[in-house]
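Engineer: Sharing a structure below in structure tokens format, with a few things to ask.
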Amino acid sequence: MLRKRSVALLLLMLLGSGALTARAQVVHAATARHISLTAGGIASVFQPDYAGNWQPPAYGYPLAGASNYPLFGAGAYVDVRFTRWAQFEAEGRWLRFNQFNPTGTPGAGISQDNYLIGPRIPIHNFWKATVYGKALVGFANMNFDSGVSGRFTDIAFGGGADIRLTRRISIRALDVEYQYWPTWGNSTLSPYGASVGVGYRIF
């Protein structure tokens with residue numbers, strides 16, 4: 001009788017420990033899929049696709065064209081990860097350096113600012129790197145060489161690679177972006193460029 005009770009007690013203990021282990025695994029799996037938020041800063045270089053040309057020359061409307069003055073600037077981004085495939089990115093970029101300013105008049109140089117948001121898709125993970133693609137939409141503010149400024153719809157496609165250094169810190173090793181401004185004067189504009197940066201995972 002004592003032996004049967006000992007076996008029954010042992011079975012109950014094993015079942016109890018198995019249930020606790022299963023419960024711990026479920027909780028761990030659930031917490032592994034929580035929302036994460038990463039914020040970072042970037043440095044960018046962009047071809048503005050505008051070199052100060054107008055048609056007619058007396059400031060009729062601007063003409064797109066490659067510039068010998070690539071724009072440099074700084075920016076910030078925020079990545080929100082809900083699940084493996086549900087991720088979003090928001091970015092702001094201020095391209096204010098190396099402006100083309102033929103007259104030298106303060107405030108009359110070419111500059112572009114971008115404010116964009118949209119889905120970010122992880123394409124491949126290897127080592128500590130994540131290769132991603134993105135499709136963003138928003139608006140851009142542009143200052144022309146004449147001192148005139150405007151706001152334009154901005155659609156951007158791009159991608160890059162983030163490399164995780166620690167649990168919190170990552171390097172944005174490369175981020176390339178092609179932009180399409182569907183309505184720009186009497187034409188369209190297609191700036192493009194690249195960025196590098198550093199990110200910090202807040203949670």
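Engineer: Do the conditions hold for TRP85, that is, is it among the hydrophobic types (A, V, I, L, M, F, W, C) and surrounded by fewer than 15 Cβ atoms within 10 Å (Cβ to Cβ)?
Structural biologist: Values: among the hydrophobic types (A, V, I, L, M, F, W, C): yes; surrounded by fewer than 15 Cβ atoms within 10 Å (Cβ to Cβ): yes.
Yes.
Engineer: Also: Go through GLY73, GLY104, GLY92 for me and flag whichever is in the same structural domain as ASN141 (by TED's automatic domain parsing) and under 16 Å from ASP145 (Cβ atoms). Step through it out loud before you land on a result.
Structural biologist: Values: GLY73 fails: under 16 Å from ASP145 (Cβ atoms); GLY92 fails: under 16 Å from ASP145 (Cβ atoms).
Sole residue among the options that is in the same structural domain as ASN141 (by TED's automatic domain parsing) and under 16 Å from ASP145 (Cβ atoms): GLY104.
Engineer: Right, another one. Give me a count of the residues in the stretch 93-126 that are touching a residue at least 12 places away in the same chain (Cβ under 8 Å), of a type in the set (A, V, I, L, M, F, W, C) and assigned to a strand (DSSP E or B). I'd like the intermediate steps shown before the answer.
Structural biologist: The initial filter retains those residues of the stretch 93-126 that are touching a residue at least 12 places away in the same chain (Cβ under 8 Å), namely 93-103, 105, 107-123.
Retained after the next criterion (residues that are of a type in the set (A, V, I, L, M, F, W, C)): 94-95, 97, 100, 108, 110, 116-117, 121, 123.
Okay, now just the ones that are also assigned to a strand (DSSP E or B), so 94-95, 97, 116-117, 121, 123.
Number satisfying all stated conditions: 7.
Engineer: Also: Does TYR61 satisfy the condition of being of a type outside the set (Asp, Glu) and surrounded by 15 or more Cβ atoms within 10 Å (Cβ to Cβ)?
Structural biologist: Details: of a type outside the set (Asp, Glu): yes; surrounded by 15 or more Cβ atoms within 10 Å (Cβ to Cβ): no.
So TYR61 does not fit the description; no.
Engineer: Now, a different point. Would you be able to tell me the number of residues in the stretch 162-192 that are within 19 Å of PRO119 (Cα to Cα) and crowded, with 17+ Cβ neighbours inside 10 Å?
Structural biologist: Selection size over the stretch 162-192: 6.
Engineer: Can we say PRO62 is at pLDDT 95 or above, in contact with a strand residue (DSSP E or B) (Cβ under 6 Å, 6 or more places away or on another chain) and either on the phi < 0 side of the Ramachandran plot or assigned by TED's automatic domain parsing to the domain that holds GLN179 (or both)? First the steps, then the outcome.
Structural biologist: On the way: at pLDDT 95 or above: no; in contact with a strand residue (DSSP E or B) (Cβ under 6 Å, 6 or more places away or on another chain): yes; either on the phi < 0 side of the Ramachandran plot or assigned by TED's automatic domain parsing to the domain that holds GLN179 (or both): yes.
Spelling it out, it is not the case that PRO62 is at pLDDT 95 or above, in contact with a strand residue (DSSP E or B) (Cβ under 6 Å, 6 or more places away or on another chain) and either on the phi < 0 side of the Ramachandran plot or assigned by TED's automatic domain parsing to the domain that holds GLN179 (or both).
Engineer: Also, I was wondering about something else. All but one of (1) more than 18 Å from LEU37 (Cβ to Cβ); (2) crowded, with 17+ Cβ neighbours inside 10 Å; (3) not basic (Lys, Arg) hold for LEU136; state the number of the condition that does not hold.
Structural biologist: Of the numbered conditions (1) more than 18 Å from LEU37 (Cβ to Cβ); (2) crowded, with 17+ Cβ neighbours inside 10 Å; (3) not basic (Lys, Arg), the odd one out for LEU136 is (1).
The values are calculated or read from the model by the stated rules, or taken from the named source; none is laboratory data. Because the structure is predicted, anything quoted here is derived from the model rather than measured. Positions of Cβ are backbone-derived with ideal geometry, glycine not excepted, and every protein chain shown enters the neighbour counts.
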